[in-house]
Structures are given as C-alpha cells and as structure tokens.
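K.L.:
Below is the structure I would like to discuss, written out as structure tokens.
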Amino acid sequence: MDSWGNLDITSAITRDDLNSSFRRNKATTIEKLPDKVLLEIFSYLTHREISKMARVCKKWRLMAYNTKLWKNVSLRPEISGLHVGSLESLLALISIRFGPSLRYIELPIELITHTVLHELANKCPNLTHMLLDFSTAMQLHDFSELQAFPTKLKYLCICLSEVIFMEGFMRKIYNFINGLEILHLVGTYEKVEEEEEEIYEVINVHKLKSATPNLRVINLYGINFVDDSHIDAFSSNCIQLECLAVNFCSKVTGSTLKTLFQRSRRLKCLLMNGTNLRSEYLMQVEWDKCNLLEFDITATDLSSECLSDMLTRLPGLRFLSAGQLNGFNDQVLKTWMEHGNPRNLIALDLDSSDNLSEEAIYKFISKYGNQLWGLVISGMPHITDSLCTTILPILKNAKILVMGTQERLGVNILVDQLMDSIANHCPSVERIELKWDPENLRFSDKSQKAIDTLRVKCLKMKCLVLSDGRYYEIVKANFERADRLTVVRTITNCS
C-alpha cells in the first residue's frame, strides 16, 4: 500500500509540475515578446518575408511598417529584391515605409521615373546610397520634368544600357551629385560578342568627372568604350582618388598611368584585370614614388621584364593579383624576393600561372607565408597536394586558401591529409576552395575523422568549396549534422 500510495503522490506531483510548466510556457508565446525584441527578430528577414509576415495579424502588420526595417531596400526581384507591381505602389512605400530611415535603394529601369526620384528626394532626406539599373533598357522614361534628386548621395552605382544614350538623364542630375565619394559604372562586358560591332559611348565620362570632384573610389567595370583618355579625365579632376578599378575595360592600355600617379598621390588601389596593358607604358610609371597597396594585373599579358621592373620598384604592396600571366615566371618571383619589398604582402593570387615551378613557390612561401592572409595557387596542374601540405604549417595566419585545378591529373590527391593539415595549422581560415576534379580525390574510411577535426578546429570557417562528387556529399553531410548548413558549397554554386 505504501509503495502504491507513494506512486499516487509522485504522479500527482508530476501532473502539477506539468500543468505549471504548461501555464508558464503558455504565458511566454511570441505574442508576449516586447516590441523591441520582435523588431530585432524581423530585422533578420528579407523584405519579401516581412511582407508575408504583415498578413499574420494587426500587430505584425504595424511591425512590418516600422521604418527601421526599411533602411536598405532592393526593388530588383531578379536579384532577390522586392517586386513592386506599379509606380503607385512604390510611391506609397516611399511615403509610408521608407521615409527618413532609408539609406540605400536599388531601382530597376521600370521604376526610375522623375516622379519616383522627386519623392525620394522629398521623403528620404538621409538617402546616401543608390543603384540605378538601366542594363535592360530599350528606352528611357522622359526626364524633361526632373527638377529634384537625392542630394546627400555618397555612393552611386549605374548599370549602363548597351545601346541607350543616357546623357539627357545625366545632365539633369549633375548639379545634385557633387558630394559623391564612390562611383560605380557597370558595363555590358558579359554581353559582348566575338564579332566586332559598333561601340556606343552611352555616357559622357568627360562631363561626369567635372560634376564629381570629391570621388575617392571609381569603378568602371566591363565598359567597352572606356579607354586611357577616361582615366586621364578622372585623374585631372578627382584629387581625392584612392581606388581606381577598370576591370574588363579592354581598350585600356596604360598610356596615361604615369600621369595618373603624378596627379593622384593618394591612389592606393589599382585594379586592371582583363585590360590590354602594354609593358612599355607601365615601365614609364614612377612606381617608387607611389603609395600603391593593392594591385590587380590578372590576364594582362605583361612581359617578364615589365613585371620584374614594377615589383622591384613598388614600395610596399599588400595585395597582388597576378594570375593568368605567362610572363610571371620563377625569375620574376626570385627578383621580387631579392630586390623588391614583399614584407608587407598579406594577399597573393597566382591563379593559372603555369610558368611558376613548385620550387619557386615554396621558396617564396617559406620566406613570406607566415604573414599571408590569403593565397591562391589554383589552376596549375603541376602544383600537387604535396606542396600544399608542405606549405600549410607556414600559413598560420591564412584566412583564404584556394588550391587545385579542375583539369584531370595523372596523380591522386590525398585529401584527408590535406584537410588534417589545414585543421592543425590554419585555425583562422574562413574560406577554403579545393578545385581538384573529384576523380583525382582519394579518401578513406578515416575521412570523417579528418573532416571532424577541420570542423571543430576551424570555427571561423564560413565557406568550404569543393567539386561536386562523392567527397563533396560526405563533407556536406558532416557539416549539416553539426548544424553548419551553409558552409559547404560546390564550385558551380560558388561561382
């Protein structure tokens, strides 16, 4: 009887505890959260998701209208932005949701009208960043009545049309953009076909530079009409210039670079990937007198003599991207080590530099690898995993590592040893990319242990990129079991 009695008492206590716990949990539903906490939760959602949440109840609808959730807005649905069905809807959004809180906005061609720009100028006084996407334009709206434009812009990105002349629109905004510090003009490089077609200068760069004297950053990306005269124009007016990027502007040869550095003493970053630089022009530049820290000359066909001349005269590079250069050989690297100054270097990209040997790369990494945050030695079939495994103990501060080639090799890559070495020697790594073909990867039953070690020791890792295949599936499953779902990606998805 005592045992049964005790059981009844225990059961009663358990039921009371359960009921009490149920009442407590019932009292702490999401409805009871303070507005500040709920607003913080909403801030992690996309605007598409916020719009859906607004349909749940009146309280959530009011929360969704809070202007603090609408500081950075993209209205380009094809790039994860919000779809707005009509101009009337957008005008209502600007008035009700955006207001003084709006800092950044992206507008597609169909929403770029004088009415919208007037409303943004009047209702959003703190708008400092704007992207205008004209890339799909077949014709522009009528801007003859445009009398107002946001006046506090520090950042402006314009995606250019392939054939639409934009000078009529630009003339209307010149008086409003003299405070710009960052300018991006994005061309149609990806759309250019092999056969030579007539090239239209769809925007007048020479007039634009006069309206923007305070620019610190100029990015002219993939614009088929940009040439050396445009670089000269900007350098003549923008004395604050710190960064110039002309990646994939194929008409740039470097003929005005000497003048650029003489005028722009603050220039620290020069990005010229995929341009048609000529060695004789670059050898005329007074590199020893400049303050350049970041330099990209990828795929520019410069000679070995020119590369040696530049690298030995540059006073203190921190970032160098010099991939896909036939002229970058062992002698260039040796000359840079012996007569140059790589002591400040923290990032080096040598992708597809086929004329560099394992021995030369090893010597350079042995001397400077401990200071590198980023290293790219991919795209070279002759660079094996044995070199990678050998240099990893030196790369103690590495945050970005890119290795391997997608070409099918005659040797196997022992990926377990590689992963284990990264885990034990590179605790700060954030991104790893292993490009080897999955058919060349060799792993064993102990792979899970190597992956576990990497996952546990490299807690800062945000991205691990592998070729699609069986090994990718094993690594992906391992990370997903540990609730790190977004770390492992395929090369296809990543690119």
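The values are calculated or read from the model by the stated rules, or taken from the named source; none is laboratory data. Please read all numbers here as calculations on a predicted model, not as lab measurements. So basically every Cβ, Gly included, is an ideal-geometry build from the backbone, and we count neighbours across all protein chains shown. Protein only, heavy atoms only, side chains kept; ligands, DNA and RNA dropped before computing areas. Shrake-Rupley method; radii C 1.70, N 1.55, O 1.52, S 1.80 Å.
K.L.:
Run the helix sum for the chain: -39,500 (n - 2.57) per DSSP H stretch of 4+ residues, divided by residue count, reported at 222 nm to the nearest 500 deg cm²/dmol.
P.N.:
Calculated at 222 nm, the ellipticity per residue is -10000 deg cm²/dmol.
K.L.:
Quick one: of the DSSP bridges fully inside the chain, what percent are antiparallel, nearest 5?
P.N.:
0
K.L.:
Same structure again: Need one word for the stretch 357-494: rounded, prolate or oblate. Basis is the Cα gyration tensor (sqrt eigenvalues a ≥ b ≥ c); a/c below 1.5 gives rounded, then a/b vs b/c decides. Walk me through the intermediate numbers first.
P.N.:
Details: a/c = 1.70, a/b = 1.22, b/c = 1.39.
Oblate, because a/c is 1.5 or more while a/b does not exceed b/c.
K.L.:
Give me the accessible area of L464, 1.4 Å probe, in Å² rounded to the nearest 10.
P.N.:
About 0 Å², ignoring ligands and nucleic acids.
K.L.:
Moving to a separate point now. Taking amide hydrogens as modeled 1.01 Å from N in the peptide plane, which residues meet the under 5 Å criterion relative to V488, leaving out close sequence neighbours?
P.N.:
Placed amide hydrogens put L464 under 5 Å from V488.
K.L.:
Any idea how far apart S229 and T490 come out in nm if each label point goes 7 Å out from Cα toward Cβ?
P.N.:
With each label placed 7 Å out from Cα toward Cβ, I get 4.8 nm.
K.L.:
I would also like to ask the following. What shape does the stretch 271-345 take by its C-alpha gyration tensor, where a ≥ b ≥ c are the square roots of the eigenvalues and a/c under 1.5 counts as rounded, a/b above b/c as prolate, and the rest as oblate?
P.N.:
Numbers: a/c = 1.36, a/b = 1.21, b/c = 1.13.
The shape class here is rounded.
K.L.:
How would the stretch 373-449 be classified by its alpha-carbon gyration tensor: rounded, prolate or oblate, with rounded meaning a/c under 1.5 and the a/b versus b/c comparison settling the rest?
P.N.:
Numbers: a/c = 1.94, a/b = 1.25, b/c = 1.55.
Oblate, because a/c is 1.5 or more while a/b does not exceed b/c.
K.L.:
Taking a 1.4 Å probe, which of D354, D385 shows the most accessible area, and what order do the others take after it?
P.N.:
Largest accessible area first, the residues go D354, D385.
K.L.:
While we're on this one: Ignoring any ligand, DNA or RNA, what whole percent of the accessible area of the chain comes from carbon and sulfur when the probe is 1.4 angstrom?
P.N.:
50
K.L.:
Continuing with the same structure: Calculate, axis by axis, the spread of Cα positions in the chain along the three principal axes, and write the results as whole Å, longest axis first.
P.N.:
104, 67, 40
K.L.:
Here is a follow-up. Can you list residues from other chains, or at least 5 along the same chain, whose modelled amide H is less than 5 Å from the amide H of S74?
P.N.:
The answer is L82, E106.
K.L.:
Another question, if that's okay. Determine, from the Cβ-Cβ distance of N175 and E473 and an R0 of 56 Å, the FRET efficiency 1/(1 + (r/R0)^6), rounded to the nearest 0.05.
P.N.:
On the way: r = 58 Å, r/R0 = 1.03.
Efficiency computed from Cβ-Cβ geometry: 0.45.
K.L.:
Near K462, which lysines are there with a Cα under 22 Å away, not counting those fewer than 8 places off in the same chain?
P.N.:
K396, K399, K435, K449, K476
K.L.:
Ok, one more. Please enumerate, by chain and number, the lysines with C-alpha under 25 Å from the C-alpha of K172, excluding those fewer than 8 residues away in the same chain.
P.N.:
In chain and number order, the partners are K123, K152, K154, K207, K209.
K.L.:
If the cut-off is 17 Å between C-alpha atoms, which lysines fall inside it for K32, apart from same-chain ones fewer than 8 positions away?
P.N.:
K58, K59
K.L.:
So, taking all protein chains as they sit and a 1.4 Å probe, how much accessible area belongs to T136, in Å² rounded to tens?
P.N.:
Ignoring ligands and nucleic acids, T136 comes out at about 100 Å².
K.L.:
Give me a comma-separated list of calculated 3J(HN,Hα) values for the stretch 383-395, in order, Karplus coefficients 6.51, -1.76, 1.60 applied at θ = phi - 60°, integers in Hz, x for any Gly or Pro.
P.N.:
Coupling constants for the stretch 383-395: 8, 9, 5, 5, 5, 4, 5, 5, 8, 4, x, 7, 7 Hz.
K.L.:
With a 1.4 Å probe and every protein chain left in place, work out the accessible area per residue of the chain in Å², rounded to a whole number.
P.N.:
On the way: 24490 Å² over 495 residues.
Using a 1.4 Å probe on heavy atoms only, each residue of the chain averages 49 Å².
K.L.:
Can you sort S353, S308 by 1.4 Å-probe accessible area, starting with the largest?
P.N.:
Details: S353 0, S308 25 Å².
Descending accessible area places them as S308, S353.
K.L.:
Could you give each residue of the stretch 91-106 its phi-based ³J(HN,Hα) in whole Hz, using Karplus coefficients 6.51, -1.76, 1.60 with θ = phi - 60°, and x for Gly or Pro?
P.N.:
4, 5, 4, 4, 6, 8, 9, 6, x, x, 6, 5, 10, 9, 9, 10
K.L.:
Something else about it: So, R0 is 35 Å and r is the distance between the beta-carbons of N72 and R481; what FRET efficiency does that work out to, to 0.05? Spell out each step's value before the answer.
P.N.:
Values: r = 34 Å, r/R0 = 0.97.
Rounded to the nearest 0.05, the efficiency is 0.55.
K.L.:
Show me, for the stretch 345-357, the HN-Hα J-couplings you get by feeding each phi into the Karplus relation (A = 6.51, B = -1.76, C = 1.60, θ = phi - 60°), rounded to Hz, glycine and proline as x.
P.N.:
Rounded to whole hertz, the list is 5, 10, 8, 9, 10, 10, 3, 6, 8, 5, 8, 9, 8.
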